[in-house]
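Read through the structure below, which is laid out as structure tokens, and then see the notes.
Bear in mind that the values in this text are calculations on the coordinates, not laboratory data. Everything numeric in this text was worked out from a predicted model, so none of it was measured. Heads up, the Cβs are rebuilt from the backbone with ideal geometry, glycines too, and the neighbour counts pull from every protein chain shown.
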Amino acid sequence: MTYLTLSITLIFVVIPLLLSKNLRLGLEKDTIVATIRSIIQLLAVGYILKFVFDADNMLYIVLMVTLMIGAATQNARKKGKAIEGITWKIAVTLVFVEVLTQSILLGFHIVPPTAQYIISISGMVVGNSMVLSILFLNRFIAEVDTHREETELILSLGGTPKQAIHRQLITAIKSSMIPTIESQKTIGLVQLPGMMSGQIIAGADPMQAVQFQLLIIFLLLTTAAVTSVLLGFLSYPSLFNQQMQLLRVRN
């Protein structure tokens, strides 16, 4: 693809702009900003990745992954500002998920320890973990606020904070994991995943592309489970004060 053909694809930006204007959705500014940011960010990342891949230096790989985790943490924390210390809790969760998944991939020699594989897979893992963090925090805070009276009743009867918040915590964990599980049920039937499609377009053997896509599917399933559970158990204690009273939290 040349820059000329790439510029033609802006047609796909013009269409939603026209629809937004005609239907008075008020999304024109956000659409333009999102388009410009995506162009700048992706082109910048493309040049950076080219440099990192050519250098194939572990220090650059670690710095790139750290940058991903930092950006993901800053984005996800917006949904959990009501929870004390949510920034470091999200960061710990993302780092743990990254270390866990890469340890398995590299430890069992599933993929080679090169920048091409580590950074690409880390981007999918961290990105998915970020989305799961946002989904979990959004639902968890809503559940806590909705069932506040129920939680306080359990506390007044001598229940511990963990017992009082257990139902809301489990509900939020399940809700944040459902999109990942449901999307995997129809994968290959309703949609051809991005990684698989990209490899096929690049000329890879379809069966080889399927194998790599299965790897990512299984990887993201673990990412979803570990992110939701770890962030949940790190977050809930901050909802109570030293007298085991439930603090008021809202999105």
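Within the stretch 11-60, how many residues turn out to be out of contact with any Leu (no Cβ under 7 Å at 6 or more places or on another chain), β-branched (V, I, T) and in contact (Cβ under 8 Å) with a residue 12 or more places away in the chain?
5
For the stretch 1-39, give me each residue that is exposed (fewer than 11 other Cβ atoms within 10 Å of the Cβ) and within 21 Å of the chain's Cα centre (by Cα).
Of everything in the stretch 1-39, just one residue is exposed (fewer than 11 other Cβ atoms within 10 Å of the Cβ) and within 21 Å of the chain's Cα centre (by Cα), namely R37.
For the condition over 26 Å from G198 (Cα atoms), of a type in the set (A, V, I, L, M) and touching a helix residue (DSSP H, G or I) at 6+ places or on another chain (Cβ under 6 Å), what is the one hit in L19, L27?
L27
Which of the residues that make up the stretch 70-88 are crowded, with 22+ Cβ neighbours inside 10 Å and not polar (S, T, N, Q)?
If the condition is that a residue be crowded, with 22+ Cβ neighbours inside 10 Å and not polar (S, T, N, Q), then A72, A76, G80, I83, I86 are the ones that fit.
Just one of (1) surrounded by fewer than 17 Cβ atoms within 10 Å (Cβ to Cβ); (2) more than 15 Å from I119 (Cα to Cα) trips up I48, so point out which.
(2)
What number goes with the only condition from (1) polar (S, T, N, Q); (2) closer than 25 Å to R248 by Cβ; (3) free of Cβ contacts under 8 Å to residues at least 12 places away in the same chain that T160 does not pass?
Looking at each condition in turn, T160 falls short on (3).
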